[in-house]
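Step one of this worksheet: look at the structure below.
No value in this document is a laboratory result; all are computed from the given coordinates. All figures in this text were calculated on a predicted structure; none of them were measured in a lab. Because the Cβ atoms are built from the backbone with ideal geometry, glycine has one as well, and the counts that use them run over all protein chains shown.
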Amino acid sequence: MQTILGANGQIAEELAKELKRNYTNDIRLVSRNPKKVNDSDALFAADLTDRNQAMAAVEDSDIAYFTLGLPMDSEMWEAQFPVIMRNVIEACKTHGTKLVFFDNTYMYPQNGEVLTEDSPFYPVGRKGAVRKQIAEMLLQEMKAGQIEAVICRAPEFYGPGKTQSITNTFIFDAIKKNKTLKVPLSDSTLRSLIWTPDASRATALIGNTPDAYGQTWHLPIDTNRCSYKQLVALVSKVYGRELKYAVIPKFMLRVGAIFNKRIKELQELLPRYAADNLFDVSKFKNRFPEFKITTYQEGIAYIKEEQGS
């Protein structure tokens, strides 16, 4: 059995589809209120902050995928993520289950340097500090040989369905709502964006590749990086109409944070938009050369079709 912990998000849904397509019919979906993705999925309701429920959720699993996300709330992250990670690690150790941790890049430096799997952790802000803490918690267990695990790390998302990211919110959701597109801080810095179905397909592939364990992997992206200016131009081309955008300066975001909690929670993520985000995926591409990476043009065309635009 392969189990997805935190099974209601876009990554988890695409992961469940990919596991069913290519790896197993025996899939368990775990969350507080799980819903089937495939007809054959087994549902397991659990609160992973509870050790006993985490133990039961992982039991009988060959592989467990940690794809759980929490709302953008620093206090909640600090209170829950370390507890959940510890519970999941202990459950996997107890049941002899392999662990695949779907991670993000919040713990990395946000200064324009090339980011590889060996880049040091220099988090900016509270959420970055939490992601560093839980990643290091797992790395220590891996180094000690206490668990068979692998870390799959993804940069900012863009994608279909209920994909949540600044790019989806400011670009694609704005198009759907016929609003002016927005760009945080700069339209000239280079971005690294991952197509969410690619992230899930690659995570399933790594999870089912025995020699991939014991390592960190950067998940695959279209390496023809573009700035937001270039991205909007490409989106305009695909959508067949000129799309206007506005760059939101830092001071406006600071003012907005006074009145809007979500904007306040995003403040610590903003430095990444002031510098190039250069996410290196050469390790994955060298190990899995046949993996088909979705180009920006293909991804944008898919979103356009989904929106009926």
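When both bridge partners sit in the chain, DSSP labels roughly 5% of those beta bridges antiparallel. Were the residues from PHE291 through LYS244 laid out at 0.36 nm apart, the gain over their Cα-Cα distance would be 13.5 nm. In summary, region 1-57 shows an alpha-carbon radius of gyration equal to 1.05 times the 2.2 N^0.38 Å reference for compact globular proteins.
Radius of gyration (Cα atoms) of region 27-114, expressed as a multiple of 2.2 N^0.38 Å: 1.21. Shown for LEU231, LEU19, LEU243: other C-beta atoms within 10 Å of each C-beta, ranked fewest to most, produce the order LEU243, LEU231, LEU19. For the chain, modelled as a GNM with alpha-carbon contacts under 10 angstrom, which of ALA154, ALA42, ALA202 fluctuates the most? Comparing ALA154, ALA42, ALA202 in the GNM, the peak value goes to ALA42. Stretched out straight at 0.36 nm per residue, the stretch from TYR23 to LYS162 would grow longer than its current Cα-Cα span by 47.6 nm. Residue exposure proxy: GLU290, GLU13, GLU113, ordered by other Cβ atoms within 10 angstrom of their Cβ from fewest to most, comes out as GLU290, GLU113, GLU13.
For the options PHE102, PHE279, PHE170, a Gaussian network treatment of the chain with springs between C-alpha atoms closer than 10 Å singles out PHE170 as fluctuating the most. Most simply put, region 145-232 has about 25% antiparallel DSSP beta bridges, counting only bridges with both residues inside it.
The fraction of all Cα pairs in region 49-159 landing in successive 10 Å bins from 0 to the largest distance is 14, 45, 33, 8, 0, given as whole percents. Here the extension length gained between LEU234 and ALA301 equals 23.1 nm, from 0.36 nm per residue of separation less the Cα-Cα distance.
Students often get this wrong, so try it: which of (i) 28, 44, 24, 4; (ii) 33, 59, 8; (iii) 30, 51, 19, 0 is P(r) over Cα pairs in 20 Å bins from 0, in percent as calculated from the structure shown? Step by step, P(r) over Cα pairs in 20 Å bins from 0, in percent for this structure corresponds to label (ii). Build a GNM of the chain with springs between Cα atoms under 10 Å apart, and of VAL124, VAL235, VAL247 the one that fluctuates most is VAL247. Put in line by how crowded their Cβ is, counting other Cβ atoms within 10 Å and starting with the fewest, TYR122, TYR239, TYR108, TYR245 read TYR122, TYR239, TYR245, TYR108.
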